Structure formats: structure tokens, C-alpha cells
Amino acid sequence: MKKKLLLADHDHEYMKELSYYFMEQVPQFELVLFTKEETLLQYLQGEEPRDVLVLDEQFVNDEIKSRSSGVTRVVLMTNQIPLEGFSGVKKYQKLSDLVSQVLMHYAEEHQL
């Protein structure tokens, strides 16, 4: 069974490029995409499996934090201010580097 990777960002074009790259380079993950916070919160309320949550820093709030415990959480940062409970990666960098960093955080948390 594939691991689930949730991607959340308000920027549709950025999300499209990022999701294509993940699908091509990391086929072991099934992607679930969100461009609205409400939709992400609804998904997190359910019992659907989820392994990695990668989201834009604008999505981060206390409700998302509480509903995503036990998941590898990575925030896409445009500034250098760390967010408690999230690993951070620079949002605007080579996609190969971004994906590598996300996978590294997942591997570290799951001791792979």
C-alpha cells in the first residue's frame, strides 16, 4: 500500500508543478492535493491514512497542528522563521532539492 503525502498550497500553478514532480520522482507516495484550508481540515478530521504533510506556511495554524499529530510535517517557507512542530524547507528552490529534503525529514522521523 502506498504512503499518503498531502500537499497544501494556495498557489495553483506552484502546486501543479510540485505535484507533477512528486508523481514522477517519488511514485511510492500517493498524492492528495489541497488549495483550500477548509478542505485540508475536513480531510484531517477523517480517518484516512496520511504519512507526510507538506504545506505552505500560510496554512499553519493551531487546528492544523492538532489534527496532524503523528504525521511528518514539513512547511514550505518563504522566510526563515521556524514554526514549532514543523520541519522547514525553502519553498522556492530546485524541486529536486525540495523533494530530497522532504524525504529526508520523513526518513529521519521514521528511522528509515
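In this structure, Leu41 does not qualify as crowded, with 18+ Cβ neighbours inside 10 Å and either modelled with pLDDT of 95 or more or over 19 Å from Ser87 (Cα atoms) (or both). Give the number of residues within segment 32-61 that are under 18 Å from Gly88 (Cβ atoms) and over 13 Å from the mean Cα position of the chain (by Cα). Final tally of qualifying residues: 1. Among residues of segment 75-91 being surrounded by 14 or more Cβ atoms within 10 Å (Cβ to Cβ) and β-branched (Val, Ile, Thr), the one that is farthest from the chain's Cα centre (by Cα) is Val89. Scanning segment 92-112 for residues that are buried (at least 17 other Cβ atoms within 10 Å of the Cβ) and in contact with a helix residue (DSSP H, G or I) (Cβ under 8 Å, 6 or more places away or on another chain), we see that the one that is nearest to Gln25 (Cα to Cα) is Val99.
Among the criteria (1) over 25 Å from Lys2 (Cα atoms); (2) modelled with pLDDT under 95; (3) not hydrophobic (A, V, I, L, M, F, W, C), the one Gln93 does not fulfil is (2). Within segment 69-91, take every residue that is of a type in the set (Ser, Thr, Tyr) and in contact with a helix residue (DSSP H, G or I) (Cβ under 6 Å, 6 or more places away or on another chain) and give me the one that is nearest to Glu48 (Cα to Cα). This residue is Thr72.
The values are calculated or read from the model by the stated rules, or taken from the named source; none is laboratory data. Owing to the predicted nature of the structure, the values given are computational and were not obtained by experimental measurement. For neighbour counting, all protein chains shown are included, and Cβ atoms are generated from backbone atoms with ideal geometry for every residue, glycine included.
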